[in-house]
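Scroll down for the structure; my scribbles are underneath it.
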Amino acid sequence: MKLHQHRNRALAALLAASALTTFGLGSAVAAPMKQEDITAMFRKADANADGGVTKEELSAIDPTLAPNFEKADANKDGKLSLREFGGLFG
């Protein structure tokens with residue numbers, strides 16, 4: 001699969017997951033996301049490629065996820081690791 005196709009699929013999954021959350025349906029309704037999709041979204045969100053996603057970077061890709069940032073930031077360092085980022089999706 002070409003990189004742009006992978007990114008488009010990952011972005012579609014992200015939007016679907018955030019829409020389900022926005023409408024109160026939660027992650028139980030959505031199919032589990034594949035790790036490769038989460039990794040692709042993480043890389044896209046990590047705009048400065050420093051290995052962490054800040055609240056601002058998260059807001060830039062999907063503002064509906066930003067309210068969950070503090071809960072996902074387990075070590076409270078102000079950025080999400082890949083593992084913490086994955087926690088946003090189930």
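The numbers here are math on the coordinates, done by the rules we state, and not lab data. Everything quoted here is computed from the prediction, not taken from an experiment. Here the Cβ positions follow ideal geometry from the backbone for every residue, glycine too, while neighbour counts run over all protein chains shown.
A few notes on this one:
- Net charge of the neighbourhood of residue 63, taken over other residues with C-beta under 14 Å away and scored Lys/Arg +1, Asp/Glu -1, is -2.
- Mean Cβ neighbour count within 10 Å, used as a protection proxy, ranking 39-47, 72-80 highest first: 39-47, 72-80
- Nearby lysines by direct alpha-carbon distance to residue 44 (threshold 20 angstrom, same-chain neighbours under 8 apart not counted): 2, 34, 55, 79
- In this structure, the amide hydrogen of residue 80, modeled 1.01 Å from its nitrogen in the peptide plane, lies closer than 5 angstrom to those of 53, 54, counting only residues at least 5 positions away or on a different chain.
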